[in-house]
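Note sheet for the following structure.
Read the figures in this text as sums done on the coordinates, not as results from a lab. Note that the structure is a prediction, hence the values are computed from the model and not measured. Don't worry about glycine lacking a Cβ; one is built from the backbone with ideal geometry, like all the others, and counts go over all protein chains shown.
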Amino acid sequence: MLRSLGENLYRWRKMLLIPATVAGLVVGANWTGIFEPVELLTFDQFFRWRSQEDSSFLKLPEKVDPRMVIVTIDESDIITLKKWPLPDGKLAQLINIIKKENPRVIGLNIFRDFPIAPGTEALNDVFSNTPNLIGIEKVIGDAIQPPPILSQSKQVGFVDLVLDNDGKIRRDLLSITSEKFGQKLSFSLTLALTYLKQENIIPTLNHSSQNEDEIIIGKAHLFPLDKNAGNYVNIDNGGYQILLNYRGGEKSFQTISILDVLSQQYPDNLFHDRLVLIGGTAASIQPSLLTPYNQSYPTSGTIIQANAISQILSAALDDRPLLKVWSDPLEWVWILTWTTIGMFTTYFIFNRNSFQYNTIIKWSVFIVSNSGLGLLLIGGSYLLFLKGWWVPTITPLIAIIGSSMIVMVDKWKYLATVDSLTQVHNRFYFDKILEQTWLLNQLSRRKTSLILCDIDHFKQYNDTYGHPAGDRCLKQVAQAIRIAIRGTDFVARYGGEEFAIILPKTDSKEARKVALRILRKTKFLKIEHSRSSTSDYVTLSCGVSSLRLEDQSSAKTLIDQADIALYKAKEQGRNRVISYDSLLVSEN
C-alpha cells in the first residue's frame, strides 16, 4: 500500500515538473526573440479576422467611425487636377469650402514647408484665420518643417511612424521629447485632443496609478509600451508609444474625393461638427505602408493617421478598447496554464487502453488533441484581442506541443518496459536492470539477491477457470508481489506465470524474508484453486540466490542458481521458499 502510494506520488511529482520545465524553457526561448515574428503574424491575423473586408466566419467588423470624414486625393484626382503638389490657391479653396460647414477640427495631412504659387497669400490667410486647422511636420531623421504660421500658433503635429523589424506599423507614437525642441505631440493625438476639447475632455495624469506615465483621456487609459511589452522583445520604445488598434482600411471611414468637395457635390452638413482629415491616398504621392491588413490591400499614410485618430476618439468617448498587454508574470501563468492543460490532456488520453498499443491511433489522437487545444488557444486569444488584450498565442502553443510530446514519449518508454497484463516490468527491462545492477555492484562490492517466483499449478488453474480468470489471477499476484517487496527492489514478469525480483545490496537471509512476505501476501488473496494439489488457494514457489556480481557470467549464475532453487521448491512440495544454499523455509 505504502509502496503504491509512493509510486503514485513520484509519478505525479514527475508529471507536475513537466509543465513547469517546458514553460520555463519556452519563456526563456521567447526572451531571445525567436517567437516574435510568428506572434506578430498572429497579431496581424486577428486584425484581418475583425476586418470588414475579411470573409472569415470569425469576422466581427467594426462600424464606420461616425465622427470623421476623410477628403481623399487618389490617382484619378491627380490626373484630373493635372498638378501635384496642389497649388496654394487650390488648397485654400478646399479648406474654405470645408470651413463653411463648421467642422470641429480640420487635419491637413499634406506637407507645406514651402509655398507653391499661385495663391500663397490666400493659403496664408486661411492658416492665420482657421484656429481649428492642424498641419503636419516630420521631426525624426530628415526633418520636414511645418507651415510657419501654423507652427507659431502651435497648430502642428508630427506624422513620424514607428516601424517594426518587418516594416509593418503596429505601434502609434503619441509624443516625442528631446532637448532640442522639448515635447511634441503627434498629428493624430493633436487632432483627437482638439476634437475632445469641445466635449470638455482634457488629458490628465493618473497620479494614483503605479505607472506614473498613465494618461487618462475621457474613458481611455493609456499606458506606454516598454521594451518587452507583450510579444515584443527589446524594441525601441522611445517617446510615448501605444499599440495601434486599427479600425480597418479606407472602407472603415466615410470618405469623399477632393474633386467632389471642390465641385461641392456632397451631402449637406457632411463636415458639420466632424473631424475632417485631408490627405493623399494615391500611391504615387504617398507610398503604401505595411500594416496588419497588407495581405488584403495597401494602406496609405492618411488611412493610418485616420486609424490613430479614431482609436483615441472611440476609446475616450465610447470606451472602445485600446490594445494592452499583460505583465510578464501574468503571461508566464498563461503559458504555464496552457502547458499544463496540454500535458494532462495527452496524459489522460494515452492512459486509455485502446490508445496504448496502436501506433496509428496514438499519432492520430496526438494530432487531433493538440490541434483541438491549439484551436481553443487561438480562439481564446482572439476573444481576448477583441476585448483589448494582446496575449501570447504561438508561445503557449509550442509549450502545449512540447509538454504533450514529453508525455507521449514517456508513455511509449513506459509501455516498452512494462508488461501490458500485469503492469509490472517485462523481461526485456529485467535484463537491462540486472546489467545495471551488475555495474553498480562492482563499485559497492555487496551481494545482490534474486527471487524467482512461479504460480503453483497454473496450467490446471487456466484449464479449470479459463484464460480470463488466469489473467485476473496474474494481475492479482503481481500486485501482491509489488506490495510485499521493498522500495529498492525491482519486480518483472519473467515468463508466463513466473516473476523475478532483483534485490540490490541484499544478502540471502534478507532475501528469504522478502520471499516469505511474497508467499504470505499471495495466500492472503485467497484466490480459489480447486485443482491445486498443494492448497485450496493459489500459492507460489520461490527460489532465492545471492552473489557478488563481479562480471556478466556471475549475473547469469545468479539466475541459474535461483532457477535451481525454484526447481527444488517445486520438487519438495511447492508453496515454499528455498535458497540456493539449501536452507529450507516452509510456509505452513
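Show me the trypsin sites (Lys or Arg not before Pro) within the stretch 186-254 that DSSP assigns to loop and that have at most 16 other Cβ atoms within 10 Å of their Cβ.
Taking the stretch 186-254 and a limit of 16 other Cβ atoms within 10 Å, the loop trypsin sites (Lys or Arg not before Pro) found are Lys219, Lys227.
Sorting check: for 575-581, 21-27, which peptide has the highest mean count of neighbouring beta carbons within 10 Å, and how do the rest follow? Can you show the working numbers first?
Numbers: 575-581: 23.1, 21-27: 19.7.
Ranked by mean Cβ neighbours within 10 Å, highest first: 575-581, 21-27.
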- Under the helix-only model (-39500 (n - 2.57) for each DSSP H run of 4 or more, divided by the residues of the chain), the mean residue ellipticity at 222 nm, to 500 deg cm²/dmol, is -15000 deg cm²/dmol
- Using only C-alpha positions, report the orientation-averaged shadow area of the convex hull of the stretch 73-325, nm², one decimal. 14.3 nm²
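Could you sort the peptides 108-120, 464-476 by per-residue average Cβ neighbour count (10 Å cutoff), highest mean leading?
Numbers: 108-120: 17.3, 464-476: 14.8.
Most protected by this proxy first, the peptides run 108-120, 464-476.
Around Ser300, under 10 Å between beta carbons, what's the net of Lys plus Arg minus Asp minus Glu among the other residues? Walk me through the intermediate numbers first.
On the way: positive: none; negative: Asp74, Glu250.
Result for the neighbourhood of Ser300: -2.
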- The lysines whose Cα lies under 24 Å from the Cα of Lys509, excluding any fewer than 8 residues away in the same chain, are Lys447, Lys521, Lys523, Lys556, Lys568, Lys570
- Note on the structure: The Rg/Rh figure for the stretch 427-586, Cα atoms and Kirkwood Rh, to two decimals is 0.98
- Restricting to the stretch 73-325, what percent of DSSP beta bridges are antiparallel, rounded to 5? 55 percent
- Bins of 10 Å from zero: percent of alpha-carbon pairs in the stretch 145-261: 11, 34, 38, 15, 2, 0
- Within the stretch 333-427, report the trypsin sites (Lys or Arg not before Pro) that DSSP leaves as loop and that have at most 11 other Cβ atoms within 10 Å. Arg352, Lys387
- In what sequence, highest mean first, do 402-408, 527-533, 254-260, 479-485 appear when ranked by Cβ atoms within 10 angstrom? 402-408, 479-485, 254-260, 527-533
- Cα-only radius of gyration and Dmax that characterise the stretch 365-495, units Å: 23.6, 72
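Net charge around Val162, counting only other residues with Cβ within less than 9 Å of its Cβ (Lys, Arg = +1; Asp, Glu = -1)?
-2
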- Item | For Gly218, distant residues with modelled amide H under 5 Å away | Ile202
- Computed about the Cα centre, the charge dipole of the chain from +1 Lys/Arg and -1 Asp/Glu charges at the Cβ has a magnitude in debye, to the nearest 20, of 2920 debye
- Message: What do you get for trypsin sites (Lys or Arg not before Pro) in the stretch 150-183 restricted to DSSP loop and a cutoff of at most 12 other Cβ within 10 Å of the site's Cβ?
- Response: Lys154, Lys180
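Roughly what % antiparallel, to the nearest 5, for the DSSP beta bridges in the stretch 427-586? Let's see the in-between values first.
On the way: 22 of 25 bridges.
Of those bridges, close to 90 percent are antiparallel.
What is the antiparallel percent of DSSP beta bridges lying wholly in the chain, to the nearest 5?
Values: 39 of 68 bridges.
So the antiparallel bridges amount to about 55 percent of the total.
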